Amino acid sequence: MRIKQCEGQAKQTGFTLVELAIVLVIIGLILGMAFKGKDLIDGAKVKSMAAQYNKVQAAFNIYFERYGAYPGDGCAALQALGPFTPCAGAKNGILDTVAEAGSALIQLQNSGLLTAADVQSPFGAPWSVSVSTSAFFPPAGTNYLSFTAAGVPVTGAAAIADSRMVCALDRLIDNGDNGNLVTAAGTVVRSTTVYTPTVDCWGAPYAGTRASIGIRLLP
């Protein structure tokens with residue numbers, strides 16, 4: 001004997017296993033696209049950083065051709081953004097004081113060779129130049145595009161650069177296996193992160209870690 005459903009009583013419904021499976025697949029696809037999109041964005045930042053470095057390096061060379069010295073060389077005091085005036089002090093072809101290193105990118109902006117956007121890094125902080133007397137990045141007597149405090153690259157908890165991007169940048173513009181500080185003098189990209197060509201830059205152990213970075217400018 002059938003019991004007739006009471007009029008007005010809600011009919012109970014639910015998802016079938018097929019419907020649940022479809023929902024889970026859709027969620028998985030969305031998450032996959034989100035993570036892949038982030039990887040693409042980070043990869044684009046690395047390429048942008050490489051292009052930015054090339055532009056800064058070209059600006060150094062153009063400045064030298066125009067004024068017979070590198071930007072910042074001969075600056076007795078830290079320059080300020082504003083009208084351009086070449087520094088009149090003694091020049092030795094390297095930026096070996098805090099005033100000289102700190103003035104380099106400012107002089108390039110004042111002379112119109114770079115803009116403020118050109119010296120803003122993908123890491124949310126402006127680039128600066130390390131003094132040649134800093135022993136943090138070898139060899140001695142070398143200037144690096146970096147993030148500095150008093151002319152010395154920041155390290156430890158103060159490090160700004162994403163280790164994954166530093167690794168990827170090294171593979172893009174350098175030999176890809178010189179993240180440590182005891183490598184050949186010709187190394188372009190220096191870092192406090194040690195990485196090798198056999199490890200994926202975008203995975204462990206670099207994910208979620210920060211590193212100091214130096215990209216060689218002079219000599």
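The values are calculated or read from the model by the stated rules, or taken from the named source; none is laboratory data. Keep in mind that what you see is a predicted model, and the values were worked out from it rather than measured. Backbone-built Cβ (ideal geometry, glycine too); neighbour counts: all protein chains shown.
Below are the figures for this structure:
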item: Selection count where residues are over 21 Å from Leu145 (Cα atoms) and modelled with pLDDT of 90 or more, scope region 36-66; result: 1
item: Candidate set: region 126-157, residues that are small (Gly, Ala, Ser) and closer than 19 Å to Gln52 by Cα; chosen: the one surrounded by the most Cβ atoms within 10 Å (Cβ to Cβ); result: Ser146
item: Every residue from region 86-115 that is part of a loop (DSSP other than H, G, I, E, B) and of a type in the set (A, V, I, L, M); result: Ala88, Ala90, Ile94, Leu95, Leu113, Leu114
item: Search result, residues across region 66-85 that are more than 18 Å from Val131 (Cβ to Cβ) and either in a loop (DSSP other than H, G, I, E, B) or under 28 Å from the mean Cα position of the chain (by Cα) (or both); result: Gly68, Ala80, Leu81, Gly82, Pro83, Phe84, Thr85
item: Scope region 120-161; condition touching a residue at least 60 places away in the same chain (Cβ under 8 Å) and hydroxyl-bearing (Ser, Thr, Tyr); matching residues; result: Ser121, Ser130, Ser132, Thr142, Tyr144, Ser146
item: Test set (1) at pLDDT 95 or above; (2) outside any helix (DSSP H, G or I) - Gly14 fails condition number; result: (1)
item: Filter pass, Tyr206 being more than 26 Å from Ala59 (Cα to Cα) and either within 16 Å of the chain's Cα centre (by Cα) or part of a helix (DSSP H, G or I) (or both); result: yes
item: Residue in region 21-35 that is of a type in the set (A, V, I, L, M, F, W, C), modelled with pLDDT of 95 or more and not assigned by TED's automatic domain parsing to the domain that holds Gly176 present; result: no
item: Cβ-Cβ under 7 Å pairs, at least 6 apart or on other chains, region 201-219 side among the charged types (D, E, K, R), far side outside any loop (DSSP other than H, G, I, E, B) and buried (at least 22 other Cβ atoms within 10 Å of the Cβ); result: Arg210/Ala161; Arg210/Asp162; Arg210/Ser163; Arg216/Tyr144
item: Filtered residue count, region 188-219, keeping only those that are β-branched (Val, Ile, Thr) and surrounded by fewer than 22 Cβ atoms within 10 Å (Cβ to Cβ); result: 6
item: Those residues of region 118-150 which are under 15 Å from Ser191 (Cα atoms) and among the small types (Gly, Ala, Ser), in sequence order; result: Ser130, Ser134, Ala135, Ser146
item: Meets criteria (within 30 Å of Arg171 (Cα to Cα), among the polar types (S, T, N, Q) and touching a helix residue (DSSP H, G or I) at 6+ places or on another chain (Cβ under 7 Å)) for Ser48; result: no
